[in-house]
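What follows is one structure encoded as structure tokens, with my remarks underneath.
The values are calculated or read from the model by the stated rules, or taken from the named source; none is laboratory data. Remember, it's a predicted structure, so these values are computed and weren't measured experimentally. Here the Cβ positions follow ideal geometry from the backbone for every residue, glycine too, while neighbour counts run over all protein chains shown.
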């Protein structure tokens with residue numbers, strides 16, 4: 001199958017170890033093959049198991065064994081251990097150079113990417129097994145139970161360490177800075193309040209009231225006083241008009 005790059009999809013890993021994942025190269029029943037970039041800039045081919053295959057101990061071990069045998073074959077470890085008889089034919093023969101390998105719960109392998117030549121997909125082939133390991137395959141084949149879980153196996157996110165405890169000196173400096181900040185904010189608020197009060201027009205103060213009692217009003221006419229009676233002399237009385245005397249009784253009238 002030709003390795004034709006396609007865009008990444010939801011769930012694909014953005015990074016695998018030090019390698020940046022850039023595109024998909026191939027989708028296999030046991031895993032995925034990605035095009036990545038190494039820290040030195042060269043292109044790499046990355047093979048990742050599916051989540052179902054990574055959870056199966058046997059399938060995961062078959063993937064890791066193929067990658068380890070390729071590493072041992074190139075370094076001469078296979079010949080030194082005398083394991084040449086355990087080769088799986090086409091899986092190991094012509095396998096690319098293994099640059100990096102992760103053998104955790106979500107294993108992956110990185111090899112150099114060369115267009116038109118085998119890449120990391122060669123290590124996904126032994127994960128899928130047929131009906132027999134001896135001779136030609138015969139009889140009914142079977143489907144692994146994990147084949148339906150096709151999401152790529154991703155390593156669990158690294159736990160962030162809690163920050164180191166600050167020293168007592170740094171804690172005191174932080175507390176002092178906080179106190180100074182609170183004092184500065186308080187001073188600014190007081191200045192704002194006082195400035196607002198000074199800018200507002202003050203109400204005009206009324207003069208102090210002095211109560212002075214006023215005297216009672218005086219009447220306009222003077223009070224009546226008895227006037228002395230003037231007695232008339234005999235001469236003056238004789239000169240008067242004849243008539244009734246003050247002592248005459250008005251009720252007694254003389255007949256005409």
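Tabulated data for the structure shown
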read-out	value
Out of 70, 79, sole residue that is surrounded by 13 or more Cβ atoms within 10 Å (Cβ to Cβ), more than 39 Å from the chain's Cα centre (by Cα) and modelled with pLDDT under 90	70
Strands (runs of 3 or more DSSP E) contained entirely in the stretch 1-67, each with at least 3 residues that are within 35 Å of the chain's Cα centre (by Cα)	19-27, 31-37
